[in-house]
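Since every read-out is calculated from the coordinates, none of them should be taken as a lab result. The model shown is predicted, which means the values in this text are computed figures rather than measured ones. Note that each Cβ is placed from the backbone with ideal geometry, even for glycine, and that neighbours are counted across all protein chains shown.
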Amino acid sequence: MNKNQMKITFLGTGTSQGIPVIACDCEVCVSKNPKDKRLRSSVLVDVDGQTLVIDTGPDFRQQMLREKVQDVSAFLFTHSHKDHVAGMDDVRAFNHKWKKDMQIYCTYAVEQALHTEFPYIFSEFKYPGVPEVTINIIKNEVFTIGPTKIIPIEAQHYKMPVFGYRIRDFVYLTDVSAITSKEKDKMKNADLIVLDALRKKPHISHLTLNQAVALLEELKPKQALLIHMSHLMGLHDEVVKEVPPYISLAYDGQIIELSA
Ligand SMILES: [Zn+2]
Ligand SMILES: [Zn+2]
Ligand SMILES: [Zn+2]
């Protein structure tokens, strides 16, 4: 991969329950199509010789194994909901292999939630073998990880503020129900927007399929992929026919390469 290129790997594309949902026998949950199997949403970004991971959900271990990830330069969190942070305990595998702290980028609010979720990681006298992390607190201001510039995009997830991220012409925004026009401006002229679309029926804290499509029609990226889907969205191969051609549903393991 040359230095102008950027590779995005979809680690997971499902909502908090994943698909199949435990004990559900709906047509999506029993589908034989691999595109209807969705681990919890997370993405891996290879850029500037670095590997970034956005969110560590409950399937993090399985996702790292599936993609044979050897090291992660930094983790970025979108918000503190369990389906986005639950896998953080497993970052210790990289601590053991590389003898270094893992770098985490998140807001102060997410840091506070991590202290509650994982008190043993932050305790003064640590049990041997717990994850070793360095938390880098970010605000809604441009920051850099090594040579890579990252633009946070603040949105509302019902009442919870969440961060999406723009890296070059790639935008990732999950778990969103509302966004101001000022923040929307940061998403314009993108090559790829990855956006939350939970299902077709309204939901208090997520965009529906129609709402996601309407937002994308406004932002006009070259390409868009939907994530954080519930089994109620329907079968992958049928829903993709219902959206404009530049939009599709992401699937687990999908890889997109972008060049600057
Ligand atoms: Zn979520
Ligand atoms: Zn189901
Ligand atoms: Zn959430």
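Output the number of the condition that GLU218 fails; it satisfies all remaining conditions of (1) on the phi < 0 side of the Ramachandran plot; (2) assigned to a loop (DSSP other than H, G, I, E, B); (3) surrounded by fewer than 18 Cβ atoms within 10 Å (Cβ to Cβ).
Single failed check for GLU218: (2).
Before we move on, is ASP59 within 15 Å of ligand 1 (Cβ to nearest atom) and within 10 Å of the chain's Cα centre (by Cα)?
No: the conditions fail for ASP59.
Yes/no matrix, rows are residues, columns are (1) of a type in the set (Ser, Thr, Tyr); (2) over 25 Å from ASP191 (Cβ atoms); (3) assigned to a loop (DSSP other than H, G, I, E, B); (4) touching a Lys or Arg at 6+ places or on another chain (Cβ under 7 Å):
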{"position": "LYS3", "(1), (2), (3), (4)": "no, no, yes, no"}
{"position": "LEU11", "(1), (2), (3), (4)": "no, no, no, no"}
{"position": "SER31", "(1), (2), (3), (4)": "yes, yes, yes, no"}
{"position": "LEU52", "(1), (2), (3), (4)": "no, no, no, no"}
{"position": "LEU65", "(1), (2), (3), (4)": "no, yes, no, no"}
{"position": "THR78", "(1), (2), (3), (4)": "yes, no, yes, no"}
{"position": "LYS100", "(1), (2), (3), (4)": "no, yes, yes, no"}
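Does the range 159-214 hold any residues that are assigned to a loop (DSSP other than H, G, I, E, B), without any contact (Cβ under 8 Å) to a residue 40 or more places away in the chain, among the charged types (D, E, K, R) and away from ligand 1 (no atom under 16 Å from the Cβ), and which are they?
LYS186, LYS188, LYS200, LYS201
Mind checking which residues of the range 7-30 are more than 30 Å from ARG166 (Cα to Cα), more than 9 Å from ligand 2 (Cβ to nearest atom) and surrounded by 17 or more Cβ atoms within 10 Å (Cβ to Cβ)?
Once the filter is applied, which keeps residues that are more than 30 Å from ARG166 (Cα to Cα), more than 9 Å from ligand 2 (Cβ to nearest atom) and surrounded by 17 or more Cβ atoms within 10 Å (Cβ to Cβ), the range 7-30 yields nothing.
All but one of (1) surrounded by fewer than 20 Cβ atoms within 10 Å (Cβ to Cβ); (2) within 16 Å of ligand 1 (Cβ to nearest atom); (3) in contact (Cβ under 8 Å) with a residue 60 or more places away in the chain hold for ARG66; state the number of the condition that does not hold.
Of (1) surrounded by fewer than 20 Cβ atoms within 10 Å (Cβ to Cβ); (2) within 16 Å of ligand 1 (Cβ to nearest atom); (3) in contact (Cβ under 8 Å) with a residue 60 or more places away in the chain, only one is false for ARG66: (2).
Output the number of the condition that VAL91 fails; it satisfies all remaining conditions of (1) surrounded by 22 or more Cβ atoms within 10 Å (Cβ to Cβ); (2) within 16 Å of ligand 1 (Cβ to nearest atom); (3) at negative phi.
All conditions pass for VAL91, except number (2).
Please verify whether GLY146 is more than 24 Å from THR208 (Cβ to Cβ) and either within 15 Å of ligand 3 (Cβ to nearest atom) or not aromatic (Phe, Trp, Tyr) (or both), treating the condition exactly as stated.
yes
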